[in-house]
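Here the structure comes first, spelled out in structure tokens, and everything after it is commentary.
The values are calculated or read from the model by the stated rules, or taken from the named source; none is laboratory data. Remember, predicted model here, so these are calculated numbers, not experimental data. Counting neighbours? That spans all protein chains shown, and the Cβs are built from the backbone with ideal geometry, glycine included. Calculation scope for accessible area: heavy atoms of the full protein, side chains included, ligands and nucleic acids excluded. Shrake-Rupley method; radii C 1.70, N 1.55, O 1.52, S 1.80 Å.
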Amino acid sequence: MKTSIAPMLSVRKGASAIVFYEAAFGAGVVYRVDAPDGAVVAQLSVDGAEFWVADESPEHQNFSPESLGGGTVRMVMVVEDPDLAFERAVAAGAAVVWPVGNRHGWRLGRVVDPYGHHWEIGKPL
């Protein structure tokens, strides 16, 4: 096994967040645990790029951007076709922060998902 680092996104309504990430990014569920109270922890993969989603748990100091009034991290998703991936995310319910364009040597756009996490979607030019 090789070392890897994968972000864990704290959200409200984790089960619905999983549905969003499946629709917006084509994510697949690698691992999932559902608690009796409805909370969820899941490992997701988009073409082999993995990240985690979990319901926020303030008692463990895990807060969603909704609770904090903003996030402390942006996700960067590098894809072959940024325009197509961006359009798919917006169609699934992400809000446009700035549209796809050529900037800083990248073809890049930024959306915010319904759970407050910002995603920059692009590729180097």
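General remarks:
- Among the residues making up segment 30-55, those that are in a strand (DSSP E or B) and of a type in the set (A, V, I, L, M) are Val30, Val33, Val40, Val41, Ala42, Leu44, Val46, Ala49, Val53, Ala54.
- Sole exception among (1) of a type outside the set (Gly, Ala, Ser); (2) open to solvent by 60 Å² or more (accessible area, probe 1.4 Å); (3) under 11 Å from the mean Cα position of the chain (by Cα) for Val30, by number: (3)
- All of Ala54, Ala23 fail the test of being surrounded by fewer than 17 Cβ atoms within 10 Å (Cβ to Cβ) and modelled with pLDDT of 95 or more, apart from Ala23.
- Long-range neighbours under 6 Å by Cβ, at least six apart or interchain, first residue at positive phi within segment 100-117, second in a strand (DSSP E or B) and open to solvent by less than 20 Å² (accessible area, probe 1.4 Å): none
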